[in-house]
Every structure is written in structure tokens, then in C-alpha cells.
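Below you'll find the structure, written out as C-alpha cells, and then a few comments.
Nothing in this text is a laboratory measurement; each read-out follows from the coordinates by a stated rule. Note that the structure is a prediction, hence the values are computed from the model and not measured. All Cβ positions, even for glycine, are placed from backbone atoms using ideal geometry, and neighbour counts span all protein chains on display.
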Amino acid sequence: MLEAWLRELQANRPRVQSFDAITSINSGQAFLWQKLGDAWYGVDGQNILKISFRGGEAQFSSYPERQSWERDFFRLDDGLDDIQSGLSKDSLVASLFGKYRGLRLLRQNPEQCLFSFVCASNTNIPMIRRMLSNMSRKFGKKLAFDGQEFFTFPQASAINSASSSELRACALGYRTKAIKAAAQKITSGSLDLAQLSLASYDEAKEQLLQVYGIGNKIADCILLFSLDKLDAFPIDVWIARALAKHYSSLNECKIGEKLTPHQYELVSEKMRGYFGKHAGYAQQYLFYDIRQDAGRGW
DNA sequence: GTACAGGCAGTAT
DNA sequence: ATACTGCCTGTA
């Protein structure tokens, strides 16, 4: 009986190729991943996640130990094949699914995701990593895992009780005010991310937009990368470039690199309508491609 | 020195 | 509604 159950569990355990996992964590959705020795380690909320390799296959472990975290984190239940075929009416996206096979959206810790993208405003990826790493070092909990030292991502309450100058010392710059505002809302309970996970895209977005420092783009990133809103279609400068390059005929208005809030609404709605319920996957593939095209590393 | 990087809020038309 | 501006910080 038990053996049969174990066999079944083994059979159902999703196999993830090493390449797919590494591509996904390095596709600009998450920032606190690093390679140490032969393995990759990432901070996701209070968990340290580890990806190691056996042959071409990824092996997953974590501290604290959490069975099969990869199922949630890599969204293995999404059914990538069906999503691919659903989006393949668009020939470009169809080709990108072939070109970047295995690239997945992540389901990140919502708090960390929110703070990450608030930090992302008007800066570059190395700086985002530095800000988040500084915050973890200062306000997270120190853990030992595999003989290495790690810091969890700070709880909102810890950020909320930090002083502005302490936060500023994390090189947050003018984002300090927004980080504090978000931490305050989460700590007080007036922003409940778990609740937003259950709400509709529109409801959840409206709530996020109430937070000082969160606009259209940042809200859509949080919705897509942590709150299960796969129909979200964030538009940053890179996606704007991709849209101008490949989808200008779909959008009446001319797409420049900077979109006014009204233009953002218009273009984002247009793309969401065009791609449908998995528009976020299309966005991620387009984003990855235009960055590759520009020869950017991560 | 200056421009620029995965936006946003504030203010003035 | 839309346009324009300043903003922390670090790198090229």
C-alpha cells in the first residue's frame, strides 16, 4: 500500500531540466539568486531554496525543508504545453516558446515580490539586487544552510519598524518612502496580499495602486509574479520596445519608450485582450527575447 | 563632468 | 487628460 503510494508519488514527481530552472530564475523576475559552487541558491521570503544538478535534471531542496517547493515556485501545474498552444495563434510568441523552451513564470513570495519591484523603479538590475540584499542583511534572519550563511527576506513588520535612515542606508534612495509606505500598509493589515491572491485582476490591481510608490507597471509585475494573475501584462521600457517592434499595428497609438498612464491602460488592455488568460506568459517570452536581443546579461 | 538605468508622484498647462 | 520635472545611487 505504502509502496504503491510511493511509486505513484515518484511517477508524478515532475521532472525539471536544469536548464529550464536556471533560465527561469535568471529571467529577470526574481533577484536574490546566486550560484555558489555547483548549485544555485535563492531567497524566497523566509525560505532558502536550492537547485542542484544530477545529469541534466534539477534537484530541489530548501531550508527550512519544504517538500516539492518547485511545484509551486516554478508553477509546474500550469501545463506549459497547453499554454503554449493557446498562445501559438501568435506566430512570434509561438516561435519564442520554441526558442526559449522551458522558460517559466515563477510564483514568488508576494511580500518579497512587492518590495522587489518597488525597488525596481528607475534603476537597473545590479542595483535592485544590491538594495534587496542590503535589506535582507540588515532586517532579515540569518540562517546557516550547507555551511553557508544566508539571510531571509525581511518581514514587512521588520521593515516597518526600521527608521528611514536605516532603510536609506540600504541604498534605496528616494524609494525609501515607498518601501516604508508599503511596509506600513501590510503590517497594519490594510493591504492583505493573501486576499489579493484570491481576488480578480481588477480588484487586486486597484488595491495595489492605492499604495504610494506602486503604479501600473509595478502593480502588474506583483500580480503576475506572485499573485497568480497570469493575465497581467506588465509594460516596462523593454516590453514597450518589443511592442513597438512587433505589435505596432495592433495598437493604434504610437508606442514610445515612455507610456503615459492612459496609454499604459490602453496598450496593456489591448495586449491582454489579444493574448487572453495567459497573456503574462506571452509577456515573459517577449521580455526575455528583447533583452537577449539587446545582449543584456542578468 | 554628464548621461542613463526594468517608474513614480507632484505640479503646471 | 496630457506634458514636464525631479528623484537616490552607481556605472560607463
Task: Output for region A:128-147, where each listed residue is touching an Asp or Glu at 6+ places or on another chain (Cβ under 9 Å) and buried (at least 16 other Cβ atoms within 10 Å of the Cβ) - done: A:Lys138, A:Phe139, A:Leu143
Task: Hits in region A:40-89 (condition: surrounded by fewer than 18 Cβ atoms within 10 Å (Cβ to Cβ), among the acidic types (Asp, Glu) and within 23 Å of A:Gly280 (Cα to Cα)) - done: A:Asp72, A:Asp77, A:Asp78, A:Asp81, A:Asp82
- [ ] Name the residue, out of A:Ala232, A:Ala242, that is over 30 Å from A:Gly45 (Cα atoms) and within 16 Å of DNA strand B (Cβ to nearest atom).
- [x] A:Ala242
Task: Residue satisfying condition, being farther than 17 Å from A:Leu224 by Cβ and surrounded by 18 or more Cβ atoms within 10 Å (Cβ to Cβ), within set A:Arg272, A:Arg241 - done: A:Arg241
- [ ] Please list, ordered by first then second residue, the pairs with beta carbon atoms under 9 Å, 6 or more apart or interchain, first in region A:167-194 and outside any helix (DSSP H, G or I), second exposed (fewer than 15 other Cβ atoms within 10 Å of the Cβ).
- [x] A:Ser190/A:Gln210; A:Leu191/A:Gln210
Open item on the list: Looking at region A:204-231 only, could you name the residues that are away from DNA strand C (no atom under 16 Å from the Cβ), of a type outside the set (S, T, N, Q) and within 12 Å of the chain's Cα centre (by Cα)?
Closed with: A:Ala219, A:Asp220, A:Cys221, A:Ile222, A:Leu223, A:Leu224, A:Phe225, A:Leu227, A:Asp228, A:Lys229, A:Leu230
- [ ] Please indicate, with yes or no, whether at least one residue in region A:99-121 is without any contact (Cβ under 8 Å) to a residue 60 or more places away in the chain, part of a loop (DSSP other than H, G, I, E, B), away from DNA strand B (no atom under 12 Å from the Cβ) and of a type in the set (Gly, Ala, Ser).
- [x] no
Task: Residues of region A:216-238 that turn out to be of a type outside the set (Gly, Ala, Ser), over 18 Å from A:Asn26 (Cβ atoms) and not in a loop (DSSP other than H, G, I, E, B), as a count - done: 7
